[in-house]
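The values are calculated or read from the model by the stated rules, or taken from the named source; none is laboratory data. Just so it is clear, the model here is predicted, and its values are computed rather than measured. When we count neighbours, we look across all protein chains shown, and the Cβ atoms used for this are built from the backbone with ideal geometry, even at glycine. Please note that ligands, DNA and RNA were not included when accessible areas were found on the heavy atoms of the full protein model with its side chains. Shrake-Rupley method; radii C 1.70, N 1.55, O 1.52, S 1.80 Å.
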Amino acid sequence: MTSSVSSATITLEVLRYRPGRDQAPAFQSFQVPYREDWVVLDALNYIKDQIDGSLSYRWSCRMGVCGSCGMMVNGTPRLSCAAFLKEYYPATVRVEPLEHFPIERDLVISLDDFMQKLPAVRPWIVRQDDRPLDAGEYRQTPAELDWYKQFSMCINCLLCYSACPVYELEPRFIGPAALALVARYNLDSRDQGREQRQEIAAGPDGVWDCTLVGECSTVCPKDVDPAGAIQRLKLSSALEWVKNVVLPWGRR
Amino acid sequence: MSPYYRPVRFDWWRKRRAYTLFVVRELTSVFIAGYAIVLLLLLRRLAEGREAYEAYLQWLATPGMMAFHIVALAAAVFHSLTWFSLAPRAMAVRIGERRLQPRTILWANYAAWAVVSAIAAWMVLRA
Ligand code: SF4
Ligand code: FES
């Protein structure tokens, strides 16, 4: 009987860091079976199950939905459940934790910074006047939905932060995904919270930190186009400034 | 057990091709600033009188300055084209229920550019 599974293998170099034991992270090499339909996450699961159970990394859905499996794959931020080994085979695949974030352990990064920024932009529908329940739901036309839909597809995978050189040099920068959420809610016909978000979005760590390198949009697995969202926020903030400061009669 | 902070790389523009292109694009503004200085000096020489002005014009005709102008023009064109190609991402225009196509916005920008250039050319060349 012949086996249909080939005996080909591929090498994974994985950056490892064990807090309290290692001074600094270092690469460790693993040989894993090569399968056409395997993604990098499958290879990591193979390592964890068969070679070294101490390897740590985050994942959940395995289908590009949960946003927890982001890693640097050969220097590019990717969802490891969407990065196929065949894109790299037969070359070595280098896996590192997402750049620009502190490493907790192995491929696990600290999310603390983003978790503070996220609520700061008020990513929910803000109303000045909450309607009573019996007034029914806030309705929206398909065109109104379309106006912000792209920016609502974010899965908080943070690949965009790893692609952003501004965030590396200026970690206070609110950053691509959180600012895309500002656009997402500001553009929602049901929302009235633009003023409240403006303080953060147009503040010293907001949209004006962005120099439009554009890599956030290139690496985004959900086509959110955070760079586009930020440029739109810049334009609307600038127009508002012109209205309020340059043309005093434009103030409402 | 504290997390590990990877050192910040100050040569970040070498990490990815897209970063390098971005830096090149930003550097084109150096030539545009240089051109602005050349232009301001021209005004100054003009104010100083005919002799100074003509000497300046002669200096501008030297091969070095010709080369500078060609490079500055190329830099300005590169910067403008990349700038315009980004415009549709910053501008989303809605007319009634319909959203303008990115292509329409792009061409509207080019059209505005052409109009402004034509006015500038008319002002300069009409003499
Ligand atoms: S904007 Fe895109 S890359 Fe950034 S966190 Fe959201 S889904 Fe991920
Ligand atoms: S495991 Fe959920 S996005 Fe990859």
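Filter the range B:25-66 for residues that are polar (S, T, N, Q) and not in a helix (DSSP H, G or I) and give the result.
B:T62
May I ask you to list the residues in the range A:72-83 that are aliphatic (A, V, I, L, M), more than 14 Å from chain B (Cβ to nearest Cβ) and away from ligand 1 (no atom under 11 Å from the Cβ)?
Residues satisfying the conditions are A:A82, A:A83.
Here's a check for you: in the range B:75-89, which residue that is open to solvent by 60 Å² or more (accessible area, probe 1.4 Å) and under 13 Å from the mean Cα position of the chain (by Cα) is modelled with the lowest pLDDT?
Per the criteria, the residue is B:W83.
For the range A:136-168, name all the residues that are touching a helix residue (DSSP H, G or I) at 6+ places or on another chain (Cβ under 7 Å), more than 8 Å from ligand 1 (Cβ to nearest atom) and in a helix (DSSP H, G or I).
A:Y148, A:F151, A:S152, A:P165, A:V166, A:Y167, A:E168
How many residues are within 14 Å of another protein chain (Cβ to nearest Cβ), among the aromatic types (F, W, Y) and in a strand (DSSP E or B) if we restrict to the range A:17-51?
1
For every residue, the table says whether it meets (1) under 30 Å from A:R16 (Cβ atoms); (2) among the acidic types (D, E).
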{"site": "B:P7", "(1), (2)": "yes, no"}
{"site": "B:L21", "(1), (2)": "no, no"}
{"site": "B:E26", "(1), (2)": "no, yes"}
{"site": "B:A61", "(1), (2)": "no, no"}
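Restricting attention to the range A:109-127, does a residue exist that is crowded, with 20+ Cβ neighbours inside 10 Å and either more than 16 Å from ligand 1 (Cβ to nearest atom) or free of Cβ contacts under 8 Å to residues at least 60 places away in the same chain (or both)?
yes
Got a number for residues in the range A:63-105 being part of a loop (DSSP other than H, G, I, E, B), farther than 26 Å from A:C164 by Cβ and either within 15 Å of ligand 2 (Cβ to nearest atom) or of a type outside the set (A, V, I, L, M) (or both)?
3
Answer yes or no: is there a residue in the range A:210-231 that is over 29 Å from A:C69 (Cα atoms), within 14 Å of chain B (Cβ to nearest Cβ) and assigned to a helix (DSSP H, G or I).
no
Looking at this structure, is A:A227 within 16 Å of the chain's Cα centre (by Cα), surrounded by 23 or more Cβ atoms within 10 Å (Cβ to Cβ), within 16 Å of ligand 2 (Cβ to nearest atom) and of a type in the set (G, A, S)?
In short, no.
Select from the range A:190-209 the residues that are open to solvent by 40 Å² or more (accessible area, probe 1.4 Å) and within 14 Å of another protein chain (Cβ to nearest Cβ) and list them in ascending order.
Residue satisfying the conditions is A:W208 alone.
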